[in-house]
Each structure stands twice: as structure tokens, then as C-alpha cells.
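The values are calculated or read from the model by the stated rules, or taken from the named source; none is laboratory data. For clarity, every value in this text was computed on a predicted model and none was experimentally measured. All Cβ positions, glycine included, derive from the backbone under ideal geometry; neighbour counts span all protein chains shown.
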Amino acid sequence: MIIEIIPCLNDNYSYLIFDKETNTVSIIDPSEFNNCDRIIKKYNKLDYILNTHHHADHVDGNLKLKEKYNSKIIGFDLDKDRIPGIDIILKENQTEKIGNLEFKVIFTPGHTKGHIAFFFPKEKVVFTGDTLFSLGCGRIFEGTKKEMYKSLNKIKNLPSETKIYCGHEYTKSNLDFCLKYDSKNFFLKEKMLKIKTKLKDSQPTVPTTIREEIKTNIFLRCDDPIIKRSLNLNNSSEDEVFSKLRDLKDNF
Ligand code: ZN
Ligand code: FE
């Protein structure tokens, strides 16, 4: 599996996936036609378009790419009326293939009500869209905070070496937020140095891994007494801690 990161718009990431064995080319969340097509041209074909959710900054390239390459568009059942050009409709926990690459559909509502993540168990790679970001998580637009927290935990429970490819480059602002409430976290400080180097060289901060996120992403650490203390929520439930963090981040 070869993954190419395609920066789009201000801070979006689309991803091209190439399966060499079967010469299958796919793209996750084509934000815009031009930037994606520039990379697709190297392969001169596009078999599949996969969408994590219906937002314009994740599907805007769908129809033009489909028209040019006769691609099949893959999306989730609940979003079948909102994903432009959808051909293949997925169900929760379903397993599907692009070429020889097998992925599982993880239902992750919260950001939107039909959001999904694509998990490739053999390659240990997950595409999380706007659910889990490096050091952060997506805003809650259509779902509830409870749903979002549950969705994040589904991703958190994937094998720890799993690589995470998310929908946006929000890492710097997420880092600042984590540092504010978890200032003594050694792993976070270590990660900060890596992130700053990458951003200085205009490199993407993705992929990250489940292991790294568990150690540094405050939204995955709502059960940690240190985080609870820094929010003055010593006796609160994980859901309450998550809710507080999400509110604070929305106004950060
Ligand atoms: Zn979105
Ligand atoms: Fe987005």
C-alpha cells in the first residue's frame, strides 16, 4: 500500500492509495479536483473515491474526478443522499476491498451523523476524516458529545501501532490546546519538537499513531487524573471531562 498525502484548500488532506499488486488507485476525501488530479495523473487512472463524510471540503472533487476517470464512489449508508455521485453504499463494520486492500467500516458519528473511518487491518492504517485529528478531534456539528466520545474510543481501541491519517492539518493549534491543560506531559513536549520541525519545513504532521495519540492527545485522555485535576473535574465522568474539553477547544 502506497499512500500519497495531497494537501488541499487551506488545511485539508486528501490521500491517494495505490495498490501495486492489482494496480488499483483510490482516493480518500478529494477536497478539490485540481490538486488531486495533479497526483492522479501520474497513475493515469482512479478506480475508487472513498468519503469519510458529506462535508464539501471532503467531497468537492467527487463528480469531476468520477467524470474524468469513471471512478466508483464509496460512502456510508446514512450519507447516501448527501455524498455526490455515490455508487457503493457501506454499512457499519462491513468489510470491503479496493484492489487487494481490505478495509473495515468504523461508524464514527459526532462530527456528522453519518461519519465513518476506514481501517485497513493488514496494513494497520486508519483514515479518520474529521473524527480524530493529530492531538485533537473534530467539532460536533450533527451528533452529540457522547457519540463523539464513543467514536473516538473506537479508534483509540485499534492496534496501537496503527497509523492515523486525518482530514486536516490542525496539529499546531491542537498542540497549543493540549499544552495549556497538560503542560507537564513529557511525551507532549517531545512531540512538540517533532511537530515544530515538520511545520518549519512545510511538511505534513501526519501520519501519527494510536500509541502516540494515547500519550499526548488530551481528548483521548479524559480518564487521566492529571487532566481531570487541571480542569477541576476530579470527580467527573469521562463523558463530562470530554464535554468540558470540547467546549474549551471550541472557544480556544
Ligand atoms: Zn467535516
Ligand atoms: Fe473537514
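Observations on the model:
- Of all residues assigned to segment 68-88, none qualifies as being of a type outside the set (Val, Ile, Thr), more than 16 Å from ligand 1 (Cβ to nearest atom) and within 11 Å of the chain's Cα centre (by Cα).
- Residues in segment 214-229 that are basic (Lys, Arg) and loosely packed, with under 15 Cβ neighbours inside 10 Å: 1 in all.
- Answer from GLU96, GLU142 - the residue that is surrounded by 15 or more Cβ atoms within 10 Å (Cβ to Cβ), out of contact with any helix residue (DSSP H, G or I) (no Cβ under 8 Å at 6 or more places or on another chain), modelled with pLDDT of 95 or more and on the phi < 0 side of the Ramachandran plot: GLU96
- Residue match in segment 172-194 (condition: within 15 Å of ligand 2 (Cβ to nearest atom) and assigned to a strand (DSSP E or B)): no
- Being surrounded by 17 or more Cβ atoms within 10 Å (Cβ to Cβ) and more than 15 Å from LEU158 (Cβ to Cβ) is a description that applies to THR112.
- Selected residue [aromatic (Phe, Trp, Tyr) and within 16 Å of ligand 2 (Cβ to nearest atom)] from PHE118, PHE107: PHE118
- Residue check, SER151 buried (at least 19 other Cβ atoms within 10 Å of the Cβ) and either at negative phi or within 16 Å of ligand 1 (Cβ to nearest atom) (or both): yes
- Filter pass, LYS124 being in contact with a Ser or Thr (Cβ under 6 Å, 6 or more places away or on another chain) and more than 16 Å from ligand 1 (Cβ to nearest atom): yes
- GLU32 meets all of the listed conditions (1) in contact with a Cys (Cβ under 8 Å, 6 or more places away or on another chain); (2) farther than 20 Å from ILE17 by Cα but one, namely (2).
- Meets criteria (surrounded by fewer than 22 Cβ atoms within 10 Å (Cβ to Cβ), polar (S, T, N, Q) and at pLDDT 95 or above) for ASN44: yes
- Any chance ILE39 is β-branched (Val, Ile, Thr), within 16 Å of ligand 2 (Cβ to nearest atom), surrounded by fewer than 22 Cβ atoms within 10 Å (Cβ to Cβ) and more than 19 Å from ILE74 (Cα to Cα): no
Residues checked against (1) within 14 Å of ligand 2 (Cβ to nearest atom); (2) free of Cβ contacts under 8 Å to residues at least 12 places away in the same chain; (3) of a type in the set (Val, Ile, Thr):
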position	(1), (2), (3)
LYS91	no, no, no
GLU102	no, no, no
VAL126	no, no, yes
GLY129	yes, no, no
LEU135	no, no, no
ILE140	yes, no, yes
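- Qualifying residue in segment 179-195 (condition: under 24 Å from CYS8 (Cβ atoms) and touching a residue at least 24 places away in the same chain (Cβ under 8 Å)): yes
- Every condition in (1) more than 16 Å from ligand 2 (Cβ to nearest atom); (2) more than 20 Å from ILE89 (Cα to Cα); (3) not basic (Lys, Arg) is met by TYR69 except one, and the failing one is (2).
- Of everything in segment 207-252 that is among the basic types (Lys, Arg) and assigned to a helix (DSSP H, G or I), the residue that is farthest from the chain's Cα centre (by Cα) is ARG229.
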